[in-house]
Amino acid sequence: MSLGSRVGTGNIAGVATAIAFGGPGAVFWMWVMAIFGGATSFIEITLTQVYKSKIDGEYRGGVPYYIEKGLKMKWFAILFAIITLIVMGILWPSLQANTIAISVENAFGIDPVITGVLLMVILGIIIFGGVKRIAKAAEIVVPVMAFIYIGMCLIILLFNVTDIPALFSLIVGSAIGTDAAFGGIVGSAIAWGVQRGAFSNAAGIGSETFDSGAAEVSHPAKQGLVQSFSVYIDTLVICTATAFMILLTGMYDVKPDGGAAITSNLDGAAVPSIYTQLAVESVLPGFGAAFLAISLFFFCFTTVMSYYYKAETCLVFLSKDREIKSAWPNHILKVVLLGMIYYGSIASADLAWAFGDLGMGSMAWLNFVAILFLTKPAIKILRDYEKQKREGKDPVFDPVKLGIKDADFWENEYQQPKK
């Protein structure tokens, strides 16, 4: 479910947007963000596992939980939970739906209104089935769609294998300003690469902590390392596959800040969100647009499924001390999210991305403040994990031994599996 959340519109439309406004060099800075993002993801996910709770038989964890227990700042935790509820229930679902609707219209000529209604119906069936149905759907769809997508990239690489060395030279040269054509937009390359890299893998934003809190492990560092690896899969594999397809086929324009075009391969006729469709179509005519529309559907759909789970976890956090037993807050959340799916399908792409960036920035600033002050215990936990591994053990977490307080689940409820 977590990988399904990371792999979404940011990996296809987001990469295309970064290239459109930052040039090929933006791809290099996305790679840089992945390296830093892996470390950031380890810290936030490890903290999520340390301070998670078991509520009504299910594990719940995430940024609000480690802010409340680790920083002892309940008001800050409530603020983050409320903002996340808004982002996951309103701002981000509309962006994913918008990307699906644009790609489906481009490939099949289907009206976005019809796409929006269809998305509402399918998603409604899944999210009303509960978190286990969400996880089961993601478990089946995510690996399959990722392998097929990477396979398509490999086909395009084979068609253009002699151009690969020049491609790396173009990306690096554009990133550091040595390429004559893109030397003047290094700032845009950095800005768009960092922005879209962060949006794609979501490391440090806090959005991926909620899924990881549901995992059952014997040591928090195990899940932290797994999620670090998922950042690399997301950016260094999926995003790179998208970038290579676009750049190798030349199916892109570069218009920094929407101004005069530096490159006009498409004569300004296409919006960035369909660059990848055009790339595959140029190599496999009659197949590319449909393939990408279907890929985007699954990429984005699994992401939206995870959004509901994250929002629901925030609702659980906000109500856990208030004895709220009624199901009406969850029902309202589901209806609002489904409404935003429909709205996003018919809204403009610029508005949808503005919503997405607003949500990302709001969560990231708050989460970075939290993990800045909680990095020390996360590093201590990593060292404990490494020490036990060197001793040939399957690491087991003992918060009391490490002097970590308020890890209630691990102190009172965790039972080491019998061998």
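Coordinate-derived values only; no laboratory data. Small disclaimer: the values here were computed from a predicted structure and weren't measured. Cβ: placed from backbone, ideal geometry, glycine included. Neighbour counts: every protein chain shown.
Per residue, the chain reaches -22000 deg cm²/dmol at 222 nm when only DSSP H runs of four or more residues are counted, each adding -39500 (n - 2.57).
Net charge dipole, the range 340-402: roughly 500 debye, given to the nearest 20, about the Cα centre with Cβ charges of +1 for Lys and Arg and -1 for Asp and Glu.
Considering only Cα-Cα distances, which of the following residue pairs are longer than 23 Å: K69/K380; K74/K222; K72/K334; K310/K380; K69/K389; K320/K376? Cα-Cα > 23 Å for K74/K222; K72/K334; K310/K380; K69/K389; K320/K376; rest within. If you take the Cα centroid of the range 14-30 and the Cα centroid of the range 203-239, the two points sit 24 Å apart. Residues K310, K401 in ascending order of nearby Cβ atoms (within 10 Å, fewest first): K401, K310. So how far, in whole Å, is the C-alpha centre of the range 365-397 from the one of the range 151-184? First find each Cα centre; the distance between them is then 38 Å. Along the range 237-252 the Karplus relation, 6.51 cos²θ - 1.76 cosθ + 1.60 evaluated at θ = phi - 60°, assigns HN-Hα couplings of 10, 5, 5, 5, 4, 4, 4, 4, 4, 5, 6, 5, 8, x, 8, 7 Hz to successive residues, with x for each Gly and Pro.
Simple point charges give the picture: +1 on the Cβ of Lys and Arg, -1 on the Cβ of Asp and Glu, and for the chain a dipole about the Cα centre of about 1420 debye.
Charging the Cβ of each Asp and Glu at -1 and of each Lys and Arg at +1, and nothing else, the dipole of the range 46-162 about its Cα centre rounds to 640 debye. Around the amide H of T263, modelled in the peptide plane, lie the amide H atoms of V254, all under 5 Å away and 5 or more residues distant in sequence or on another chain. Straight-distance candidates among the aspartates and glutamates for linking to K405, with alpha-carbon spacing under 14 Å and chain neighbours fewer than 8 residues away dropped: E68. Per-residue packing, averaged as other Cβ atoms within 10 Å, sorts the ranges 226-235, 331-340, 182-191 into the order 226-235, 182-191, 331-340, beginning with the highest. Report, to the nearest 10°, how far helix 220-232 tilts away from the longest principal axis of the Cα atoms in the chain, using its own Cα long axis and a range of 0 to 90°. The angle comes out at about 0 degrees.
Counting alpha carbon pairs within less than 8 Å and at least 6 residues apart, what relative contact order, in whole percent, applies to the chain? Averaging sequence separation for qualifying contacts and normalising by length gives 37 percent for the chain.
Residue exposure proxy: C314, C153, ordered by other Cβ atoms within 10 angstrom of their Cβ from fewest to most, comes out as C153, C314. The calculated FRET efficiency for the pair K72 and F159, based on their C-beta separation and a Förster distance of 45 Å, comes to about 0.20.
What the phi angles of the range 403-410 give under the Karplus curve with 6.51, -1.76 and 1.60, with θ = phi - 60°, is a coupling list of x, 9, 9, 6, 8, 4, 4, 5 Hz, glycine and proline written as x.
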